[in-house]
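The values are calculated or read from the model by the stated rules, or taken from the named source; none is laboratory data. These figures come from a predicted structure and were not determined experimentally. Here the Cβ positions follow ideal geometry from the backbone for every residue, glycine too, while neighbour counts run over all protein chains shown. These area figures cover heavy atoms from the full protein model, side chains too; ligands, DNA and RNA do not enter into them. Shrake-Rupley method; radii C 1.70, N 1.55, O 1.52, S 1.80 Å.
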Amino acid sequence: MATPYWTSPYDELSKQSSTPLPLQRLFNCLVAVAYIPILCPLTTFGYFVDDESFFDFDEVHSSNFLTLLRVTTGLSPFTLYVCGSLTASFYATLIWADLSAAKLGPFRWPIHWDTDNNACYDDMFCEPSRNDRLIRRPGNTLSNFFYLFFAIVVIASSVARAFNEEKKMFILSDALFGIMLFILSISSTLWHACNCLWSHASCLLIYLTHIILNGRNWMQKHNDQFWHNHCPLAVRNRLPNSPYVHNASDTSNKMSLGPIALYEVYLFALLPVIHNAPSWILAACIFESFGSLCLARILNVSLTVGWVYRMTERWAFDACRHMLLISEKIESAESRGEGLKAFIWRTLAATLSPTAALHYCTGVTIIAAFCHSRSVEMTMLQKTFQEVV
């Protein structure tokens, strides 16, 4: 391992980069400044567009998030309550099963799931693990509540709108999005509960291109249990001095991506900013509407907070020193038999876990983004109807 756990690999990456240190600091400042425009969408977008009709959705409907959720999804408060109840019931059952299984002794997942292999998981996440429990990482697992809830909301919205008299444009794509989000929530719950590698099956479509273009090599890596020994995409495993990077004598157990470059880090950090560019260009040039400003603010703020904090996760910069302190407190409390203190510290660890924070922040991002897209769609349909009339 190039750098040990709880030690940020960024310092090593910075030293090994050919980019001068003053220029690196300038880039760091520019990345931070780049977030300001997306947090002020009205000011930024309004600078390029003078037509106030682009921003009238909230004036016509509401600037309250819950009201906008009902308006854009077409669901009643009772239906939203049912969606929330179904989600809460699922995770309450999971918690009950975890507590019940703990009374019976150590819990064992199916042997062929290979859940005792923590190498890849430990390379990626820093939340302390509860071995021999059904839910090993409560924070990373239960925070998928938001994904599942919003998946059910999107599916329910698609079904409801498919059988009403509203003009339909993207019903099928909305339904497929809801289904994919549902699969993500379940597979993510399994992955974080027991780190079973097969739960990544939902990502196979993403890997399909790699399999087609480099099928034989990736099949060999799979047969050699390439993912069982480490996380190949972790920053520390892509440092130039890491034993896992690509080199001239590359074999099946080496990285095929090569050493990570500093610009990759900057681009990844800027993804919450970059993703706004195409949607804002379409809004200005084609849609002639920005949709709901309230939803745009919510999706950008929640994504920014979740994304930036997630960059401190172990697979990225491993900068969560407070998680190390909490882990030590948990071990100390458990060694002295102080169950209540251990529970309190574990609850704090679950709450402050960078991946758990990403889950509940981006859960809000996803539903806000969906509702924002719906606000643009509703505005376009209204304009089209007025032109026809």
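All other residues with a Cβ under 11 Å from the Cβ of ALA368 taken together, and with Lys, Arg as +1 and Asp, Glu as -1, what is their net charge?
Values: positive: ARG297, ARG374; negative: none.
Neighbour charge sum, excluding ALA368 itself: +2.
Between CYS29 and TRP6, what is the spin-label point distance in nm, taking each point 7 Å from the Cα along the Cα→C-beta axis?
3.4
May I ask you to order 331-338, 304-311 by the average number of other C-beta atoms within 10 Å around their residues, highest value first?
In decreasing order of mean packing, 331-338, 304-311 become 304-311, 331-338.
Measure off, as a whole percent, the carbon and sulfur share of the 1.4 Å-probe accessible area of the range 308-389, all protein chains present. Kindly include the intermediate steps, with their values, before the conclusion.
Details: 2610 of 3920 Å².
About 66 percent, which is the carbon plus sulfur part of the accessible surface.
Express the carbon and sulfur contribution to the solvent-accessible surface of the range 1-128 as a percent, rounded to the nearest whole number, probe 1.4 angstrom. Don't skip to the answer; put the middle values down first.
Numbers: 4960 of 7660 Å².
Looking at the range 1-128 in its full context, I get 65 percent from C and S.
Ranked from the most accessible area to the least, with a 1.4 Å probe and all protein chains present, what is the order of HIS322, HIS192?
Values: HIS322 70, HIS192 5 Å².
The ranking, largest first, comes out as HIS322, HIS192.
How much area per residue is accessible in the range 2-109 when the probe is 1.4 Å and only protein heavy atoms are counted (Å²)?
On the way: 6670 Å² over 108 residues.
Roughly 62 Å² per residue, with all protein chains present.
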